1. For the stretch 112-134, enumerate the residues that are over 10 Å from residue 54 (Cα atoms), polar (S, T, N, Q) and in contact with a Lys or Arg (Cβ under 9 Å, 6 or more places away or on another chain).
2. Could you give me the residue pairs with C-beta distances under 6 Å whose first residue belongs to the stretch 54-77 and is more than 19 Å from residue 102 (Cβ to Cβ) and touching a residue at least 12 places away in the same chain (Cβ under 8 Å), whose second residue is assigned to a loop (DSSP other than H, G, I, E, B) and aliphatic (A, V, I, L, M) wherever it lies, and which are 6+ apart or on separate chains?
3. Could you please find all residues in the stretch 57-79 being modelled with pLDDT under 90 and of a type in the set (Asp, Glu)?
4. When the stretch 1-50 is examined, which residues are found to be modelled with pLDDT under 80, hydrophobic (A, V, I, L, M, F, W, C) and within 28 Å of the chain's Cα centre (by Cα)?
5. So which strands (runs of 3 or more DSSP E) are wholly in the stretch 97-168 and hold at least 3 residues that are at pLDDT below 85?
6. List pairs: first in the stretch 116-136 and free of Cβ contacts under 8 Å to residues at least 40 places away in the same chain, second surrounded by 15 or more Cβ atoms within 10 Å (Cβ to Cβ) and hydrophobic (A, V, I, L, M, F, W, C), Cβ under 7 Å, 6+ apart or cross-chain?
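The values are calculated or read from the model by the stated rules, or taken from the named source; none is laboratory data. Remember, it's a predicted structure, so these values are computed and weren't measured experimentally. In this analysis, Cβ positions are derived from the backbone assuming ideal geometry, glycine residues included, and neighbour counts consider all displayed protein chains.
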Amino acid sequence: MVVTRWDPFRELATLQNRVNSLFQDYGRPGQDELTTTSSFVPAVDVYEDEHKVTLKLEIPGIKQEDVDIRLENNTLTVRGERNFEKEEKEENFHRIERRYGSFARSFTLPNTLDTDSVNASYENGVLRIELAKRAEAKPKQIKVNIGGSKSLGKTVEGTKAESKSTAA
């Protein structure tokens with residue numbers, strides 16, 4: 001009988017190899033259900049300035065008519081689908097890394113946006129959605145006179161962050 005020394009790290013290495021082999025075949029050519037029906041999540045940038053909030057979604061290869069944008073109950077939802085191009089013979093592919101299938105992204109919008117003023121454009125694979133802010137949500141500048149008389153020439157200027165706050 002041979003006595004072998006037990007090494008716990010060997011067992012971990014074996015487990016890691018088994019898990020790696022599970023994911024190794026994912027996305028290879030010849031597996032139609034993985035390449036054509038899997039969904040993907042497009043990258044998005046969200047930023048705002050004093051007049052609007054802008055969303056930019058990267059959706060290259062998707063036709064404009066395959067994109068659906070809906071705004072309901074302060075939730076903006078963008079849906080679309082990228083279809084696998086069957087023009088190429090699949091056995092000629094060496095690697096398929098692009099994702100195909102449908103996607104849906106939802107964004108909860110603040111109440112400070114004017115949901116009636118939404119613009120969307122699609123250029124070079126980037127969907128750009130602009131949502132204008134309401135007039136009461138935009139910053140306002142307030143001039144404050146110090147000393148009660150205008151002859152002193154002391155004026156302090158500031159910006160108002162919200163329409164609900166008042167100057168004392």
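1. Answer for the stretch 112-134, where residues must be over 10 Å from residue 54 (Cα atoms), polar (S, T, N, Q) and in contact with a Lys or Arg (Cβ under 9 Å, 6 or more places away or on another chain): 112, 117, 121.
2. Between residues of the stretch 54-77 that are more than 19 Å from residue 102 (Cβ to Cβ) and touching a residue at least 12 places away in the same chain (Cβ under 8 Å) and residues that are assigned to a loop (DSSP other than H, G, I, E, B) and aliphatic (A, V, I, L, M), the close pairs are 74/109.
3. Selection gives 65, 66.
4. Of everything in the stretch 1-50, those that are modelled with pLDDT under 80, hydrophobic (A, V, I, L, M, F, W, C) and within 28 Å of the chain's Cα centre (by Cα) turn out to be 23, 34, 40.
5. 140-145, 155-160
6. Going by the 7 Å Cβ cut-off, the qualifying pairs are 117/132; 134/113.
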